[in-house]
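What follows is a single structure, written as C-alpha cells, with notes after it.
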Amino acid sequence: MTRSFLERVIERALFLSAALSIIVTAGIIAVLLTETVAFLSEIPIMEFLFGTVWTPLFADQHFGVLPLVTGTIVVSAIAMCVALPGGLLVAIYLAEYARPGVRRALKPILEILAGVPTVVYGYFALLFVTPLLQRFIPDLAGFNALGPGIVMGIMILPLVSSLSEDALGSVPNGLREGAFALGATRLQTSLLVVVPAAFSGISAAAILAVSRAIGETMIVAIAAGQQPRLTANPLVPIETMTAYIVQVSMGDTPAGTLEYRTIFAVGMLLFLATFALNLFSNWLRERFREEYV
Amino acid sequence: MTEVKIAADGVNFYYGAKRALHDIRVAIRPHVVTAFIGPSGCGKSTFLRTLNRMNDLIPDTRLEGSIRIDGQDIYAPSVDVVALRRRVGMVFQKSNPFPKSIVENVAYGLKINRIANGRADLSHRVEESLKAAALWDEVKDRLHEPALSLSGGQQQRLCIARALAIKPDIVLMDEPASALDPIATQRIEELIYQLKDKYTIVIVTHNMQQAARVSDFTAFFWLGRMVEYDETRKIFTAPAEKLTEDYVTGRFG
Amino acid sequence: MRRYLADRAFAALGLVGLLAALAALAALLLDVILDGAPRLSWQFLTSYPSRFAASAGILPAILGTFYVIVLTGVMAVPVGVAAAVYLEEYGAQGRLGRVIEINIANLAGVPSIVYGLLGLGLFVRALALGRSVVAGAATLALLVLPVVILATREALRAVPKSLREGSYALGATQWQTTQHQVLPAALPGILTGVILALSRAIGETAPLIIVGAVAYVRFVPDSLWSPFTVLPIQIFNWVSRPQAGFAENAAAGIIVLLVMLVLMNGAAILIRDRFQRRRIA
C-alpha cells in the first residue's frame, strides 16, 4: 500500500546518496581530463612529461613539468626520511615495548600531531625550522626543501606509526612466543621476527605516507618556494606540483587560457600518481590481511 | 478432527549450499505449548525462525516445501512479511530490550503498526501487556526509566510484554530462559503456562526438564531432521524412536 | 649480557623517538603562542585586513569560516548519513554496493588540492556559481563526504544486530527499524564523526584557494553568492608577506584557529562520553 511505496521511495533516495560518490569520482576525472586534453592539444605530451624547464607564466614559455616533479620528489623523500624510520620506531616501541599506561597517554598526542592544520605546519617550517637549520647550515636559503621536508615528515609520522602499529598488532602472538621460547630478546624478536612478518602491512603504510606527502600543499606553498628547478639540492628554493597550482590560483590567470590549463595538467599528473600509490597500498594491505586473518 | 495452527510439510532449509533442515513435517496445534528439543546445532532454532520468516534477514538462504499458518502458505510471493510478523511474535534467547524507556519498549510495536487509538488507549494497552507478562507490579512506578536498568529476568519479561502488546496469535520463544538464573527461569515458565490460554506458543529449549515441565507437545530434532513429534508425556516416558529415548535419558547430548 | 643492553637501548631509542615527536609538537605550539599571543586583542578579532599589519584583523576570516563550515555541514551530513545508511542497511550485498564502497575508499585518499580543481571546474565554472561561499562549501562538502560516510558506517555497525532483530520481529519495516532504532542508537557515533569531518574542513586551505577564496576581503560575506575568505587562507596570506608584523598576525590567527579546533574536538569527546553514560544507565 502506501507503506511499501514509501519504503521503496526511501530506498531509492538512500541509493542515490550513495551513488553520488560515483558522480564525484566521475566529476574529478571529467574535469581533469577535459582540461588536460585541451592542454595537450597545444603542448606535445613528450615536451610536457620530459621537458626540463617550467616557465608557463613567463614571457618565454616552457612547459616541461620535470622541475615540479623533482621538487615534489625531493621534499617527499626528505619527509619520508623522517616519517618512515621515526614512525616505524615509534610503532615498534608502542606495539612491543610500551606499558599500557604509556601507550594510553602518548597515543592521543600522536593523533593531535596528525590533526594540526597544514597551514600551521607551514608557518612552523618557514619561521621556526628554517631559521633554526640556518644556524647549522649557513648556506640554507630562506625557501628550501629541507625545512618543509622535515616538518612534513613530522606531520606524516603519526600516519606511518599508527598503520604500522596495526600491522604489527595483527601478527599472531604465537610467532613472538616461539621466538621468546628460543631465548630471543625482545629486540631480536621485534626486528627479526615481527617486523618481517608485518612487512606487507608496513609497506602499505609507507606507500600511503608517500601518497600523502606528494599531495600535501600548504607546507610547501609557504616554505619551499616558487622557483621550479631541476635539482636534488635540498638547500635551495624549488617548487612542487601542488605549490604551483596554488601559485596560479592566487593570481589572475583567466579561464580557458593555456596557462589556466596547466594547473589541470599538473593536477592530473598528481591525481594519477596518488591514485596509483593508493591502489598499490590497498593491494598490499589486502595481501597482508590474507596472510594473517 | 484436531485443529492445526501451523503446518509444515517437506521443509528443507539451506544456508547457501549447506542444507540445515531435512524434510520437516509437523502439525502444531493452537493454544498449546509445543517444545522443540535437541542438541546444539540440530536445527531447532533455524526451524523456529522459519515460522516468522526471520531467516529472510540472513542473506543467501532458501526454503523449500511449505509452511502454512491457518491454512495459508506464509512463503507465497504475495505474503506481506511485515503483517506476518505481527501475527507471529518472537522472544529471543538473549533479551534485547531497546535502549529506551520501559514504556517506549512496549509501545513500539503499537506505534509502528498503528494499533492504538490515541494516548489513553496506548497507555491502557501498555499496562495490559505488562500485566500479561507479570511485570506490571514491579515497574508501574518507573515506567519512564530505561529498560536496560531492569534485571535480566525482568528484561526478558519486558520483551515478552513487548511481543504480546501487538496481540499476536502465535508466540515463538527461542530459549527464553537460558540466560537467566533458576528463579527468573521459574517465573518465565509460569508465565508461559498462563499464556497458552490465549496464544499458541512454540518454545525452543536445550533444557529437557524445562520442556517436560512446560510443554504439551514436544518435537525432537537431530541433525536437521525431526525425529519424533508427540505429546510431551509420551516423548519423555515412552518414546517411539530409539534416538529419542537415548537423548531424553541423557545417553548423549 | 650484550643482548639485553641492545634491548634496553632500543627501548630507550623508541621512547626518545616518541618524545622527539612530542617535543616537535610542543615547539610548534610554543612558537606560535609566543609569537601570536601579544597580538591577540578584541581589535584583532573585529577588524578587517589592511595593508598595515598593526591594524589588520580577522573578522571576515572568522565569519567566512563560520558560514562555510555551516554550509558544508548542511550539504555533507544528510547526504553522507544517507549514503552510509544505504551501504550498511540496504545495499552491501550487490556488486554495485561493493563498487560504491571501493569508490568511497579511493575518494578518501585523493589529495585535497584535487578536490579544489574539481570545485573550480564544476562549481565555479560549469555550474557558474562563481567564486562564492556556495562553491567553496560545496567543494569542502565533497571533500569531507567520505569521512562522514565512513564514520557513520562505523557507528551503524556498532549497533548490535539484536536490536534490529527485535524491531523486525514486531513487524517493523526496514525503514521503520532504521529510523526508530538504528539511527537513534548510532547518533552519538554519527555526531562525533560529523564534528571530526567538520574540524578537518576548518583547517583546509588549498581547495578553497583554488576555488577562489581571496585573502583580501574587506567585507563580511552577505549572501551565499558573495566572495569570501576563511581563517586558514588569511593566515596563509599573512605568512607570505615579508613585511614585519604580519608574521605576528599569522601566529595570532593560528591561535584562533587552534582554539576553534580544540573546542570542536572537545565537544565531540563530550558528546561521546555523555551519550555512552546515558545508555548504560
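Each value in this text was obtained by applying a stated rule to the coordinates, not by laboratory testing. Not measured: the values here are computed from a predicted model. Reconstructed Cβ throughout: ideal geometry from the backbone, glycine too, with neighbour counts over all protein chains shown.
Shape verdict for segment A:1-137, please, from the Cα gyration tensor: rounded (a/c under 1.5), prolate (a/b greater than b/c) or oblate. Here segment A:1-137 falls in the oblate category. Considering only C:Q174, C:T192, C:I255, the residue lying farthest towards the positive end of the dipole of chain C is C:Q174, judged by Cα position with unit charges set on Cβ.
With contributions of -39500 (n - 2.57) from each DSSP H run of at least four residues, the per-residue ellipticity at 222 nm computed over chain B stands at -10500 deg cm²/dmol. Excluding same-chain neighbours fewer than eight residues apart, the lysines reachable from B:K167 by a Cα-Cα span under 25 Å are B:K5, B:K44, B:K94, B:K100, B:K111, B:K131, B:K140, B:K196, B:K198, C:K161. Once R0 is set to 56 Å, what does the formula 1/(1 + (r/R0)^6) return for the Cβ-Cβ distance between B:Q186 and B:A17, expressed as a FRET efficiency to the nearest 0.05? Working from the Cβ atoms, E equals 0.85. Short-range pairs are left out: with C-alpha atoms under 8 Å and at least six residues apart, the relative contact order of chain B is 27 percent.
For chain C, the membrane-span-like helices by this rule, meaning whole DSSP H stretches whose C-alpha atoms cover at least 24 Å of axis and whose Kyte-Doolittle mean is 1.0 or above, are C:2-36, C:59-85, C:133-157, C:183-202; this says nothing about an actual membrane. For chain B, the longest principal axis of the Cα atoms and the long axis of helix B:152-165 meet at an angle of about 90 degrees. Stokes-Einstein diffusion for chain C, with the hydrodynamic radius set to the Kirkwood value over Cα pairs and evaluated at 10 °C in a medium of 1.306 mPa s, equals 74 µm²/s.
Here chain A is treated as an ellipsoid with the same Cα gyration tensor; its semi-axes, largest first and in whole Å, are 38, 31, 18.
From largest to smallest, what semi-axes in whole angstrom does chain B give when each is the square root of 5 times an eigenvalue of its alpha carbon gyration tensor?
Each semi-axis is the square root of five times an eigenvalue, giving 31, 22, 16 Å.
In a GNM of chain A with a 10 Å cut-off on Cα contacts, which of A:I219, A:I137, A:I23 has the highest mean-square fluctuation? Greatest mean-square fluctuation among the candidates belongs to A:I23.
Taking trypsin sites (Lys or Arg not before Pro) as exposed when their DSSP state is a loop state and no more than 16 other Cβ atoms lie within 10 Å, the longest site-free interval of chain C runs over C:52-217. Looking at the protein assembly as shown, the DSSP beta bridges with both ends there are about 60 percent antiparallel.
For segment A:1-101, GluC sites (Glu not before Pro) are listed when DSSP marks them as loop and at most 16 other Cβ atoms sit within 10 Å of their Cβ; the list is A:E42.
Normalised by 2.2 N^0.38 Å, where N is the number of residues, the C-alpha radius of gyration of the protein assembly as shown stands at 1.17.
To the nearest 10 degrees, how steep is helix B:118-132 against the longest Cα principal axis of chain B, on a 0 to 90 scale? In chain B, helix B:118-132 runs at an angle near 50 degrees to the longest axis. A cut-off under 14 angstrom between Cβ atoms defines the neighbours of B:A120, and their net charge, with Lys, Arg +1 and Asp, Glu -1, is -1.
Only Cα pairs under 8 Å and 6+ residues apart enter the sum, and on that basis the relative contact order of chain C stands at 27 percent. Checking every one of the chymotrypsin sites (Phe, Trp or Tyr not before Pro) in segment C:124-221 against DSSP loop status and a limit of 16 other Cβ atoms within 10 Å picks out C:Y216, C:F219. Taking loop as defined by DSSP and a crowding limit of 14 other beta carbons within 10 Å, which chymotrypsin sites (Phe, Trp or Tyr not before Pro) in segment B:184-253 fit? Answer by residue number: B:F252. From the Cα gyration tensor of segment C:1-139, with a ≥ b ≥ c the square roots of its eigenvalues, which class applies: rounded if a/c is under 1.5, or else prolate if a/b is larger than b/c, or else oblate? Oblate is the answer for segment C:1-139, as a/c is 1.5 or above yet b/c matches or exceeds a/b. Working note: 222 nm ellipticity from helices only, DSSP H runs with n ≥ 4, each -39,500 (n - 2.57), summed and divided by the residues of chain C, gives -23500 deg cm²/dmol to the nearest 500. Helices of chain A meeting both criteria, an alpha-carbon length of 20 angstrom or more along the long axis and an average Kyte-Doolittle score not below 0.0, with helices taken as full DSSP H segments, are A:2-40, A:66-92, A:100-115, A:146-170, A:199-215, A:258-292. Given the DSSP H assignment, sum -39500 (n - 2.57) over each helix run of at least 4 residues in chain A and divide by its residue total; what's the result at 222 nm in deg cm²/dmol, nearest 500? Value at 222 nm, helices only: -23500 deg cm²/dmol. Measuring how big segment A:2-41 is from its alpha-carbon positions, Rg and Dmax come out at 17.3, 56 Å. Here the spin labels are modelled as points 7 Å beyond Cα on the Cα-Cβ line, and at C:A23 and C:L96 they lie 5.7 nm apart. The alpha carbon convex hull volume per residue for segment B:116-253 rounds to 126 Å³. Which longest run of chain B has no exposed loop site in it, a site being trypsin sites (Lys or Arg not before Pro) in a DSSP loop with at most 11 other beta carbons within 10 Å, and the site itself not part of the run? The longest such stretch corresponds to B:115-250. Each principal axis of the Cα cloud of segment A:205-293 was evaluated for its coordinate range; sorted largest first, these ranges are 54, 35, 20 Å. For segment B:53-66, putting each phi into the Karplus relation 6.51 cos²θ - 1.76 cosθ + 1.60 with θ = phi - 60° gives couplings of 6, 6, 5, 4, 6, 8, x, 6, 10, 8, 10, 10, x, 10 Hz, in residue order, rounded to whole numbers and with x for Gly and Pro.
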